[in-house]
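S.K.: Below is one structure. I have some questions about it.
The values are calculated or read from the model by the stated rules, or taken from the named source; none is laboratory data. As the structure is a prediction and not an experimental result, all values here were calculated from the model. So basically every Cβ, Gly included, is an ideal-geometry build from the backbone, and we count neighbours across all protein chains shown.
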Amino acid sequence: MANMGTDRLARAAERFLGKGETALDERERRVLQTAIGRRALSEDTSEVFDEGSSFGERLADGVAAFGGSWTFLIGFGLAILGWVLGNLLLRGVAPDPYPFIFLNLLLSMLAAVQAPVIMMSQNRQASKDRLVTSHDYECNLKAEIEIMGLHEKVDRMRDDDLKQLLIKQQEQIDLLMRLVQARAGDAQVPESP
């Protein structure tokens, strides 16, 4: 039974991809097997990708998502404005008087921490995009294989119809020839008086 499946895979590889079974890469092999087995290939790549995510990766995505939101920008702007106004109003006893050295230190530390976290999230998004692109290629390849198979089936049906039409046409020609010969034979027989 496995040998029959291997034979079908080899024939499909040659017919649809123009290469032998041994020349197939893993994706092409998987696509052909799903096409031959009439199984679905589609899957939610976001869900598949997220299932393999570690806590740190999900945290980096969350920090990047929040750090790039209007909520963060407005809240952070209000916090800085409050810090500056508070220190300006408390001139003599301000914990961070003008030129706000401590605020600069906090902003620098925030940038030093936030930048690598955002880069981790961007790298993860690039990996996710590569997975989606790879899956799209597989789905497109399977669709092409299915379309080629349908074209072959339609061509076979059309060829069968043409053969049947030619057989019927030949039968009608033969029948007409017999009718013409029968009339010609009737015309040659002299009528008796």
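S.K.: Which of the residues that make up segment 85-112 are among the aliphatic types (A, V, I, L, M), surrounded by 11 or more Cβ atoms within 10 Å (Cβ to Cβ) and either touching a Leu at 6+ places or on another chain (Cβ under 6 Å) or assigned to a helix (DSSP H, G or I) (or both)?
M.R.: Matches in segment 85-112: LEU88, LEU103, LEU105, LEU106, LEU107, LEU110.
S.K.: Can I ask one more? Of the conditions (1) among the acidic types (Asp, Glu); (2) in a helix (DSSP H, G or I); (3) modelled with pLDDT under 90; (4) surrounded by 11 or more Cβ atoms within 10 Å (Cβ to Cβ), GLU43 clears all except one; give me its number.
M.R.: Unmet for GLU43, out of (1) among the acidic types (Asp, Glu); (2) in a helix (DSSP H, G or I); (3) modelled with pLDDT under 90; (4) surrounded by 11 or more Cβ atoms within 10 Å (Cβ to Cβ): (2).
S.K.: Could you tell me which of the residues TYR137, TYR98 is modelled with pLDDT under 95 and over 30 Å from ASP50 (Cβ atoms)?
M.R.: TYR98
S.K.: In addition: If I go through segment 1-40 residue by residue, how many of them are more than 20 Å from VAL132 (Cα to Cα), assigned to a helix (DSSP H, G or I), of a type in the set (Lys, Arg) and within 23 Å of the chain's Cα centre (by Cα)?
M.R.: Here the count works out to 1.
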